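Visitor: Submitted below is the structure of interest, expressed as structure tokens.
The values are calculated or read from the model by the stated rules, or taken from the named source; none is laboratory data. Small disclaimer: the values here were computed from a predicted structure and weren't measured. As a convention, Cβ positions derive from the backbone with ideal geometry for all residues, glycine included, and neighbour counts pool all protein chains shown.
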Amino acid sequence: MSPTGFYSVVITRKRIVAALAFILTLVIVWVGVGHWRTRSVSAPPGASPTVPMDRPVREVKGATGRIALTINVDWGNEDLLQMLDLFDEHNVKATFFLTGRWATSFPEIAREIAARGHEVGNHGLRHDHPTQISAAALHEMIAGGIRAIEEATGVRPVPLFAPPYGEQDERVVRSAAALGLWTTLWTYDTIDWQEPPPHVIIDRIVPRASDGGIVLMHPKPQTVQALPEMIRALRQKGLEPTPLWEMMQAVPGGDIPKVANVSKVSALASIGAGRFGFAAAHGVGERHPRRHRVDTIRPVGGGGILVSGRLPR
């Protein structure tokens, strides 16, 4: 340190190389953030849940005061649009599991689901029996579903796979996990495909509903008729309908680092500043923001840089 009021610091070549490597890492992270933001509208990035991937998700333990409404979609367009309007009316967000073939055939409706703020999940490329097909066909069922949904909607599906017919075994779960997806089932089944009257659908769900439960339904007219009373009764029990992926991330202890965002990049820059002994010009990464003025920067022996300037009084 120079006489009072002045300073001089030598930044070694080693630190310069390390700093450049760190900056390159930040650029890579930033590019990744940009890709996520342009492709993922179905649900905001968040913490990876603590829910295990090696078994089907039938409920989300620890999700106090929440319950997930999930809708498997391979048909039912007219009722689906009514369901979307009803969810808007009651300020409810849900998780819609789409087959790839349906999303490809009806991209306008698929995009509308995402545009209204609902999660979009993967119900397979086609509505085949996942336990009865080859390993290659199973892989294509899951991976092809992701591609088709993303192409049709313009959004990246949440990392959840709801197997057609609810068919699953160790191989199905393992195949989904290999692609980064949790296999999801349900806690309560409306069995609405049998077209029961609305009061039967309500009675199948509300009395047993509890924290972290997952409700399975389809776009059926009886389900649309049952939803207003079902939503009211669930809320009366202290259960707020919540999209499934969001509910999984809300479990206490889900503190695995989030997908990088701007605040994370800033935090990384601060870490880099402390580690490599340099200060950025405009706040991010500064060890002592705006406390000094740089007057001289010049090379020194060994490939280093001498930085000197004046400290404030």
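Visitor: When you scan the stretch 205-223, do you find a residue that is in contact with a Leu (Cβ under 6 Å, 6 or more places away or on another chain), under 21 Å from ALA110 (Cα atoms) and not acidic (Asp, Glu), even just one?
Guide: Among the residues of the stretch 205-223, at least one is in contact with a Leu (Cβ under 6 Å, 6 or more places away or on another chain), under 21 Å from ALA110 (Cα atoms) and not acidic (Asp, Glu), which makes the answer yes.
Residue-wise test of (1) in contact (Cβ under 8 Å) with a residue 60 or more places away in the chain; (2) surrounded by fewer than 20 Cβ atoms within 10 Å (Cβ to Cβ); (3) in contact with a Gly (Cβ under 8 Å, 6 or more places away or on another chain).
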residue	(1), (2), (3)
LEU138	no, no, no
ALA148	no, no, yes
GLY154	yes, yes, no
ASP169	no, yes, no
ALA178	no, yes, no
TRP186	yes, no, yes
ASP203	no, yes, no
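Visitor: Then there is this: Filter the stretch 233-252 down to residues that are within 19 Å of PRO207 (Cβ to Cβ) and either without any contact (Cβ under 8 Å) to a residue 40 or more places away in the chain or touching a strand residue (DSSP E or B) at 6+ places or on another chain (Cβ under 7 Å) (or both), then give me how many there are.
Guide: Restricting attention to the stretch 233-252, the residues satisfying the condition of being within 19 Å of PRO207 (Cβ to Cβ) are 233-241.
Pick out the ones that are also either without any contact (Cβ under 8 Å) to a residue 40 or more places away in the chain or touching a strand residue (DSSP E or B) at 6+ places or on another chain (Cβ under 7 Å) (or both) and you get 233-237, 239-241.
Adding up the residues that qualify gives 8.
Visitor: Given the condition surrounded by fewer than 18 Cβ atoms within 10 Å (Cβ to Cβ) and among the aliphatic types (A, V, I, L, M), answer yes or no: does some residue in the stretch 213-232 qualify?
Guide: Checking the stretch 213-232: not a single residue is surrounded by fewer than 18 Cβ atoms within 10 Å (Cβ to Cβ) and among the aliphatic types (A, V, I, L, M).
Visitor: In the stretch 166-185, how many residues are under 17 Å from the mean Cα position of the chain (by Cα) and outside any helix (DSSP H, G or I)?
Guide: 6
Visitor: Right, here's the next one. Is one or more of the residues making up the stretch 237-244 closer than 20 Å to ASP192 by Cα, crowded, with 20+ Cβ neighbours inside 10 Å and of a type in the set (A, V, I, L, M, F, W, C)?
Guide: yes
Visitor: List the number of the failed condition for ARG55; all other conditions in (1) surrounded by fewer than 17 Cβ atoms within 10 Å (Cβ to Cβ); (2) assigned by TED's automatic domain parsing to the domain that holds ASP211 hold.
Guide: Unmet for ARG55, out of (1) surrounded by fewer than 17 Cβ atoms within 10 Å (Cβ to Cβ); (2) assigned by TED's automatic domain parsing to the domain that holds ASP211: (2).
Visitor: Scan the stretch 82-117 for residues that are assigned to a loop (DSSP other than H, G, I, E, B), more than 18 Å from ALA148 (Cβ to Cβ) and in contact (Cβ under 8 Å) with a residue 12 or more places away in the chain and jot them down.
Guide: Taking the stretch 82-117 and keeping what is assigned to a loop (DSSP other than H, G, I, E, B), we get 90-94, 99, 106, 116-117.
Checking which are more than 18 Å from ALA148 (Cβ to Cβ) leaves us with 90-94, 116-117.
If the condition is that a residue be assigned to a loop (DSSP other than H, G, I, E, B), more than 18 Å from ALA148 (Cβ to Cβ) and in contact (Cβ under 8 Å) with a residue 12 or more places away in the chain, then HIS90, VAL92, LYS93, ALA94, ARG116, GLY117 are the ones that fit.
Residue-by-condition table, conditions (1) of a type in the set (Val, Ile, Thr); (2) within 23 Å of GLN82 (Cβ to Cβ):
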| site | (1), (2) |
| --- | --- |
| ARG174 | no, no |
| TRP182 | no, no |
| THR190 | yes, yes |
| PRO198 | no, yes |
| PRO207 | no, no |
| GLN222 | no, yes |
| GLY238 | no, no |
| PRO243 | no, yes |
